Amino acid sequence: MKSLVHVLREITPDAYYVGGVVRDGLLKKDSGDIDLALPKDRVAPAARALARALKAAAFEMDAQFGVWRLVTHKEKLQIDLTAFQGKNLKEDLLRRDFTFNALAYPVTAPLTAHILPVRGQKARVRLKNWQKKYLIDFKGGVADLAARQIRLTHSRVFTEDPLRMLRVFRHAAELKFAIAPGVLKQIKKDAFEITRSAGERVQEELTRLFRTPRAYENLLLMEKTGLLTALFPELEPQRTCAECYYGPGGVLKHTLNCFQREEWLLENLKKAFPKYYKKLAPVAADKALFKMAVLLHDVAKPATAKVQGDRLRFFYHEQKGARMARQILERLHYSKADSRLICAMIGEHLRPSNLASNDVITDRGAYKFFRDMGPAALPMLLLCWADYTSYISDAQLRRILPKSGDKLMSLEKAKQTAHVGKTLRHMQVLTLLLKKYFDSPKKIKPTQLLNGRDIMQALALPPSPRIGEILEAVALAQVEGQVSDRPGALDFIVRQFGQNQKEKEDAAKKAG
């Protein structure tokens, strides 16, 4: 059977490997697809011929620009054929965004391809044995790959497609590349152009960036160039808000510090929660979603800032923040499910600190917290960890981290050690909540012993909201150890609610 590269040579001898597949191959990385560029009048016939030879589905994606896509039936390998954008290959390459993407390699030149099937997904491919003498490089892309830096092919890169500004930071994070000073300077000049990009495209780039463990360092660069607040103008007022409390940079500085802590946490769950990291890992898998929640968690602080006495307060900033976040997420075309989860995290992110203001965290309090928060509870605890730890230095965090699983320190002792003690106590509260959730699940989500019909029959009640209130009372009794089985639950409701019902009936008779 002929190899992939032999089929491509025979059917598309006038084509060139271009773009990401060349870049990734030279970096010895896998690619998600193969991009081929060739004369416009050759695209459609070449696509149909390749489809027959490779047993692939073929369809035209863009008639205007001459783009066809093939997907092989067996491996689900994706091959895109695109017409030269310009009169010839040189014009095509010179119109591309970054120098390392402006490389081409003739299909007829020596090369080997290794297809890597991925179960349930499209295959990946790695091209090997490149011969440098055949590489076509008009802009020094090969040298930039070796130097691991991002440079532009021309000054109009971002005005032609503003989304490319986000791609700079995404590539820097994914490839571990440096960004040339000239690129940052051009982004600073063109930052506001990002508002022309479609929300779903922005979301895709941010998601890919936030999935990496280098999102924070690139977010700082985005902030310095003005791209961050061009994307999220709602964050700009944070810059000068509460500088008396957070220092220069105000709430925005705090937001970025929280983002840094969240990124560290998601990469170091074992260090933060050594006993529960395995159970938390599936919950924390969507790193991009968690980081977006942290980025927006204090978005409403400037709008709610108010001096009360000698203190600056932000009353209901979490609730208003959830509403603002929902509008932002809609603008970026987030799914309803992701938006609900992020907004739930933001809207209630003060709940754990409210619990921490009590000397004792009762089972009843923990039950109500997890009941009210539902699927947002565990994600929100991770957001709160980032929020609390952002107020202390790295050295202080390293010092107290081993103590975060210790017995909950008293409020009085926490006050004696200022911010560090307060932070440690809050961290201990989070660990305690995880302990109750994972180690005592029956107290967090007790098994339902009775249903609504049982209540109505036992107390001779008609259907009403009162039934739900009684069921909740039974659940609380289970949490507090007053009830452990069905007979005990029936006895409990009769004792607690039966007499009240009888008194109401007697009073009704007398009134009648």
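Coordinate-derived values only; no laboratory data. Values in this document were obtained by computation on a predicted structure and should not be read as measured data. Glycine gets a Cβ as well: all are built from the backbone with ideal geometry, and neighbour counts include every protein chain shown.
Can you give the convex hull volume of the alpha carbon atoms of the range 148-230 per residue, in Å³?
78 Å³
Please state the charge dipole magnitude for the range 148-230, taken about the Cα centre, from unit charges on C-beta atoms (+1 on K and R, -1 on D and E), reported in debye and rounded to the nearest 20.
Dipole magnitude for the range 148-230 comes out near 300 debye.
Helix 215-225 against the longest principal axis of the chain: what's the angle in degrees, Cα atoms only, rounded to the nearest 10?
For 215-225 against the chain, the angle is about 70 degrees.
Relative to the first principal axis of the alpha-carbon coordinates of the chain, what is the inclination of helix 499-511, with its axis defined by its Cα atoms, in degrees from 0 to 90 and to the nearest 10?
The angle comes out near 60 degrees.
Please count, across the range 164-289, the pairs of lysine residues with Cα atoms under 15 Å apart that sit 8 or more places apart or on different chains.
Lysine pairs, 8 or more places apart or on different chains, close enough: 7.
For the range 65-120, what mean projected area does the convex hull of the alpha carbons give, in nm²?
Mean shadow area of the hull around the Cα atoms is 5.6 nm².
Could you work out how much longer the chain between residue 461 and residue 362 gets when fully extended? Use 0.36 nm per residue separation minus the Cα distance between them, nm to one decimal.
Answer, rounded to one decimal: 32.4 nm.
Report, in whole Å, the centroid distance computed from the Cα atoms of the range 362-377 and the range 152-182.
44 Å
Along the charge dipole of the chain, which of 27, 219, 312 sits closest to the positive end, that is, farthest toward it, with unit charges on the beta carbon of Lys, Arg, Asp and Glu (+1, +1, -1, -1)?
27
Sort 430-436, 153-159, 96-102, 391-397 for me by packing, meaning the mean count of neighbouring Cβ atoms within 10 Å per residue, highest on top.
For the peptides 430-436, 153-159, 96-102, 391-397, the packing ranking is 96-102, 430-436, 153-159, 391-397.
Determine the dipole magnitude for the chain: charges of +1 sit on the beta-carbon of Lys and Arg, -1 on that of Asp and Glu, nothing else is charged, the reference point is the Cα centre, and the result goes in debye to the nearest 20.
1000 debye
Working from Cα positions, state the angle (0 to 90°, nearest 10) between the long axis of helix 418-439 and the longest principal axis of the chain.
Computed tilt is about 90 degrees.
Please grab the % of Cα pairs in the range 20-138 that end up more than 20 Å from each other.
Within the range 20-138, distances greater than 20 Å cover 44 percent of Cα pairs.
Would you work out the charge dipole size for the range 4-145 about its Cα centre, treating the Cβ of every Lys and Arg as +1 and the Cβ of every Asp and Glu as -1, and quote it to the nearest 20 debye?
Using only the charged Cβ atoms, the result is roughly 420 debye.
Provide the per-residue ³J(HN,Hα) series for the range 84-95, in order, calculated from phi with Karplus coefficients 6.51, -1.76, 1.60 and θ = phi - 60°, each as a whole number of Hz, with x at glycine and proline positions.
Here the 3J(HN,Hα) series is 3, 8, x, 6, 8, 4, 4, 4, 4, 5, 6, 8 Hz.
Please report Rg (one decimal) and Dmax (integer) in Å for the Cα set of the range 191-284.
For the range 191-284, the Cα radius of gyration and maximum Cα-Cα distance read 15.6, 47 Å.
Among [x] 25.5; [y] 22.1; [z] 33.4, only one was calculated for this model; which label is it, if the read-out is mean projected area of the Cα convex hull in nm²?
Answer label, from the structure shown: [z].
Per residue, what volume in Å³ does the convex hull of the Cα atoms of the range 371-423 enclose?
Given the Cα convex hull of the range 371-423, per-residue volume reads 102 Å³.
Compute the distance in nm between two label points, each set 7 Å from the Cα along the Cα-to-Cβ direction, one at residue 53 and one at residue 134.
Spacing of the two 7 Å Cα→Cβ label points: 1.4 nm.
Please work out the ratio of the alpha-carbon Rg of the range 232-444 to 2.2 N^0.38 Å and round it to two decimals.
Computed over Cα atoms of the range 232-444, the ratio equals 0.98.
Excluding residue 286 itself, calculate the net charge of residues whose Cβ lies under 12 Å from the Cβ of residue 286, where each Lys or Arg counts +1 and each Asp or Glu counts -1.
Summing Lys/Arg as +1 and Asp/Glu as -1 gives +2.
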